[in-house]
Every structure is written in structure tokens, then in C-alpha cells.
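A.B. asks: One structure, pasted below without further comment.
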Amino acid sequence: MTQQGLVFQSATDLVAGVDEVGRGPLAGDVVAAAVILDPKQPIAGLTDSKALTAKRREQLSEEIKARALSWCIARASVAEIDELNILQASLLAMSRAVAGLSVVPEFCQIDGNKLPKGLPCPAEAIVKGDSLIPAIGAASILAKVQRDAEMVELDQRYPEYGFARHKGYPTPVHLAALKAHGVIAAHRRSYAPVRAILTTNRST
């Protein structure tokens, strides 16, 4: 599943920034975004989403969707994470985000040290790119806002796990809830804390 946005298509250098969010959590999809910024409509404050408050991320997310030449949010599912491993699932989500852009980029700048397969153009991997390259920062913001919203929705369905607070990360609250209430469909069974609960339940 992807979400797409397009303002207009005229640009000379169509460079897409690409990032993902959600490698560390025990639950939920890994979410990626690709963004082609419009040099004629600069957006101030684009950086690593983790360096921003939730309110500022949400404000910037709306600005990005309104001003970018093209943007796309994509994902790899919990089942794909368990099947492929989190690294390969993250790369898959990023390739899907690029493929979902309404404008084909001429170049991609990818956060991290590995490149997804099947990109439609040359690409460069940039370590800590979300804090160095505005387009990658924009992608990290879109992905983070989307994934956090999904964790809030999951919290409404399973309030006993506290997903709105920890966003699926292995905090003491989350680990205690796993032990008390067990594993749900949104949990990544390949992750050690979840696998341990499943193993314990099978042996009792």
C-alpha cells in the first residue's frame, strides 16, 4: 500500500530523498518515504525527524505534502519483515516509495549505507543523510508521522500495550505488556523478545 502526492512536475534536477522509519520496534510495519522537493518552494527546518517535536513534525509533514514536487509513503508489512529480515524489508519499503513517486527521479539520495534494488535511476547512500540532506530529512518526517499515527491507531485497538507511548519500541512498558497479554498480529515474530514470549507460551 502506498500514499502518493503531486503538486506539479516541472523541475530541472529531480532528486529524491529516501528514508525509512521503524527498524527497531517490535510491532508494526516498517514505513518509508520518498520526496522530491521543489527548489522554488523551500521548506525551512527539514532534518532528522527524531530531532523534532511531534508537533513540529506534523507541521512540516503538511508543508512537505503541499510544496514538494512529488512524495510517496510506502511500507513493508510485519509478515515481510519476518520473512525477509528487517534490513531487506526496509530496503523493499524504500524501493516501493521511489517506485510510487508520480515523477520519476533522475537521482536518489538514500539514508544509510545500503541501496535498495530496482531503483529507476542512479543513487547514493548517505550515512546520517536525514540530518544532512533536506530531501532525506523530509522523507524521514513523512515516514515518522505516518508510522506514529498508525501506532496511535493500534493503541486504540489494544490499549493494554501502550503503543501510543512507545510506538512499538521495546521499552520496559511494552515488554511487560507482552509478558502479561501475549503476542498480537502486529508483533514481529522474528524479533527476539516476541519470539521468547511465543516460545514460553508453547512450552507451558
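A.B. asks: Given the -39500 (n - 2.57) contribution per DSSP H run of 4+ residues, what per-residue ellipticity at 222 nm results for the chain, rounded to the nearest 500 deg cm²/dmol?
C.D. replies: -13500 deg cm²/dmol
A.B. asks: While we're on this one: Put +1 on the Cβ of each Lys and Arg and -1 on the Cβ of each Asp and Glu in the chain; which of Leu178, Val145, Leu69 then has its Cα farthest toward the positive end of the dipole?
C.D. replies: Selected residue: Leu178.
A.B. asks: A follow-up question, please. In what sequence, highest mean first, do 26-33, 13-20 appear when ranked by Cβ atoms within 10 angstrom? Please list the in-between numbers first.
C.D. replies: Working: 26-33: 27.9, 13-20: 25.9.
The most tightly packed comes first, giving 26-33, 13-20.
A.B. asks: Output the pairs from Lys114/Lys144; Lys40/Lys167; Lys55/Lys179; Lys50/Lys114; Lys128/Lys167; Lys128/Lys179 with a Cα-Cα distance over 27 Å in this structure; if there are none, say none.
C.D. replies: In this structure, Lys40/Lys167; Lys55/Lys179; Lys128/Lys179 exceed 27 Å between Cα atoms.
A.B. asks: Okay, moving on. If you stretched the chain out fully between Leu198 and Arg67, how much longer would it get, using 0.36 nm times the residue separation minus the C-alpha to C-alpha distance?
C.D. replies: Contour length minus the Cα-Cα distance gives 42.6 nm.
A.B. asks: If you don't mind, there's one more thing I want to ask. Contact order normalised by length for segment 46-204, with contacts defined as Cα pairs under 8 Å and 6 or more residues apart; what percent is it?
C.D. replies: 22 percent
A.B. asks: Something else now. Ser102 to Arg56: FRET efficiency via 1/(1 + (r/R0)^6), r the Cβ-Cβ distance, R0 22 Å, to the nearest 0.05?
C.D. replies: 0.25
A.B. asks: Moving to a separate point now. Treating only the Cβ atoms of Lys and Arg (+1) and Asp and Glu (-1) as charged, compute the dipole magnitude of the chain about its Cα centre; round to the nearest 20 debye.
C.D. replies: Details: 23 positive and 21 negative charges, 119 e Å.
Roughly 580 debye for the chain.
A.B. asks: Over all directions, what mean area does the Cα convex hull of segment 160-203 project, stated in square nanometres?
C.D. replies: Across all orientations, segment 160-203 yields a mean hull projection of 2.9 nm².
A.B. asks: Using mean Cβ contacts within 10 Å as the protection proxy, how do 58-64, 48-54, 121-127 order, highest first?
C.D. replies: 58-64, 48-54, 121-127
A.B. asks: With the Cα gyration tensor of the chain giving a ≥ b ≥ c as the square roots of its eigenvalues, does the rule (a/c under 1.5 for rounded; else a/b larger than b/c for prolate; else oblate) give rounded, prolate or oblate? Kindly include the intermediate steps, with their values, before the conclusion.
C.D. replies: Working: a/c = 2.54, a/b = 1.84, b/c = 1.38.
It is prolate, given that a/c is not under 1.5 and a/b is the larger ratio.
A.B. asks: Right, here's the next one. Out of Pro159, Pro170, Pro116, any idea which swings most in a Gaussian network model of the chain, alpha carbons joined below 10 Å?
C.D. replies: Pro159
A.B. asks: Sort Arg189, Arg147, Arg96 so the one with the fewest other Cβ atoms within 10 Å of its own Cβ comes first.
C.D. replies: Values: Arg189 15, Arg147 25, Arg96 20.
Result, fewest neighbours first: Arg189, Arg96, Arg147.
A.B. asks: Amide H to amide H, which residues 5 or more places from Arg75 or on other chains are under 5 Å from it, using H placed in the peptide plane?
C.D. replies: Counting only residues 5 or more places away or on other chains, the set is Ala32.
A.B. asks: Let me ask you something else. Show the residues, 5+ positions off or on another chain, whose built amide H is closer than 5 Å to the amide H of Ala123.
C.D. replies: Cys108
The numbers here are math on the coordinates, done by the rules we state, and not lab data. Not measured: the values here are computed from a predicted model. Quick reminder, even Gly has a Cβ in these numbers, built from the backbone with ideal geometry, and neighbours come from all protein chains shown.
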